[in-house]
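Comments concern the structure below.
The values are calculated or read from the model by the stated rules, or taken from the named source; none is laboratory data. Predicted model only: the values in this text are computed from it and were never measured. When we count neighbours, we look across all protein chains shown, and the Cβ atoms used for this are built from the backbone with ideal geometry, even at glycine.
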């Protein structure tokens with residue numbers, strides 16, 4: 001799918017600055033093409049590859065800026081490989097960063113004094129031209145989430161708050177995306193501010209689009225909200241159930257999943273409105289045992305979920321989960337995302353009741369069972385899954401794709417194994433940003449108080 005963050009950065013870039021975008025997932029990066037500045041958005045899983053790309057540019061004398069979740073979670077580490085690090089959201093600092101780059105006075109860190117308003121945020125989607133992305137339009141209506149789930153990096157990055165774009169701005173953007181048969185609202189949680197969300201979906205209904213998004217389970221207990229999203233074209237929601245075990249849910253600060261009658265009541269409410277479900281489960285919390293995999297798959301098949309994910313718990317740096325496991329001495333790597341021994345789908349911590357190997361294998365076995373041909377066929381007959389001819393048709397294609405990927409990414413390396421060379425550091429050790437409330441001496445230039 002089209003990655004939204006580069007388009008947002010391109011939209012923030014002032015006229016007169018030429019922008020070119022390369023997607024490392026699908027094309028070669030022309031490192032020798034002349035450029036004055038390189039910007040990389042970094043996630044924890046892509047950190048090693050980002051440092052490789054940065055090294056290629058820096059050995060050519062080109063300064064590199066990094067931002068994104070990992071840069072916010074681990075600014076000191078990232079500062080070793082980037083000339084400048086954007087901590088948090090870029091809206092309040094991007095223009096000043098570019099001005100500093102033009103003067104050759106890049107600062108090590110840029111951080112806005114507060115969360116930026118999202119009015120007039122306009123992604124520049126012209127950067128996607130010529131790239132063969134799926135015909136799904138990614139749109140941001142809100143950013144952040146007010147819940148404090150222990151494992152979630154979103155609550156750490158945005159300090160468990162949410163900001164929203166003005167309704168008219170979102171509707172205007174959608175009007176220019178009529179060529180997209182499906183819209184994915186990438187909001188971390190479309191229900192985080194329920195009153196504003198309802199106001200938005202009331203207006204959205206007149207556009208008659210089809211959309212999917214992510215929500216928390218509290219949405220399933222608000223009948224007005226369910227009616228509004230159904231009327232506005234909702235085709236499905238991703239909801240994190242995470243666990244069927246109440247002790248696990250309390251440990252991860254998701255005890256609210258069992259509110260007002262729990263999963264059974266919530267699912268009955270969602271079925272009434274033909275809301276298809278992508279349900280996620282996570283394994284590795286302390287009460288998980290051998291039976292957890294089997295019970296979760298049986299539950300998912302019994303309720304006929306459109307698709308489901310069965311993933312191992314991942315301790316992302318900067319989250320309360322990472323801190324807890326570190327204090328308990330259960331992390332198996334100092335920094336799993338950079339350790340050459342670590343590969344995709346390996347378990348980077350010691351579970352309480354399972355071995356790391358059994359946890360990894362259990363997740364794969366759960367996916368294989370859920371996406372068996374027998375279960376794909378049976379779930380395809382669920383009334384909600386076949387309530388729309390188009391979505392019923394897509395159901396089989398999507399499920400067969402997930403079936404093909406059950407084991408495809410196991411032990412996939414982080415970073416590019418074929419890359420030759422050494423990671424070039426800007427500085428021998430990472431700088432520690434002063435994250436006290438900054439004073440703004442010039443627009444966007446931050447100096448610690």
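Quick look at the values:
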| quantity | calculated |
| --- | --- |
| Test: residue 237 is part of a helix (DSSP H, G or I), buried (at least 19 other Cβ atoms within 10 Å of the Cβ) and assigned by TED's automatic domain parsing to the domain that holds residue 155 | no |
| From the options 161, 191, residue that is within 20 Å of the chain's Cα centre (by Cα), assigned by TED's automatic domain parsing to the domain that holds residue 235 and either surrounded by fewer than 19 Cβ atoms within 10 Å (Cβ to Cβ) or farther than 30 Å from residue 248 by Cα (or both) | 161 |
| Number of the exception - residue 175 against (1) surrounded by fewer than 16 Cβ atoms within 10 Å (Cβ to Cβ); (2) assigned by TED's automatic domain parsing to the domain that holds residue 429 | (2) |
| Yes/no for residue 159 being out of contact with any helix residue (DSSP H, G or I) (no Cβ under 7 Å at 6 or more places or on another chain) and closer than 30 Å to residue 391 by Cβ | no |
| All positions within the stretch 318-332 that are over 15 Å from residue 252 (Cβ atoms) and either touching a residue at least 12 places away in the same chain (Cβ under 8 Å) or surrounded by 17 or more Cβ atoms within 10 Å (Cβ to Cβ) (or both) | 318, 330, 331, 332 |
| Members of the stretch 288-302 found to be more than 15 Å from residue 376 (Cβ to Cβ) and within 26 Å of the chain's Cα centre (by Cα), listed by number | 288, 292, 293, 296, 299 |
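A quick yes/no check of all residues on (1) over 17 Å from residue 429 (Cα atoms); (2) touching a residue at least 60 places away in the same chain (Cβ under 8 Å):
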residue: 57; (1), (2): yes, no
residue: 69; (1), (2): yes, yes
residue: 78; (1), (2): no, yes
residue: 93; (1), (2): yes, yes
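Residues checked against (1) out of contact with any strand residue (DSSP E or B) (no Cβ under 8 Å at 6 or more places or on another chain); (2) in contact (Cβ under 8 Å) with a residue 60 or more places away in the chain; (3) assigned to a helix (DSSP H, G or I):
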| site | (1), (2), (3) |
| --- | --- |
| 107 | no, yes, no |
| 113 | no, yes, no |
| 143 | no, no, no |
| 146 | no, no, no |
| 168 | yes, no, yes |
| 183 | no, no, no |
| 188 | no, no, no |
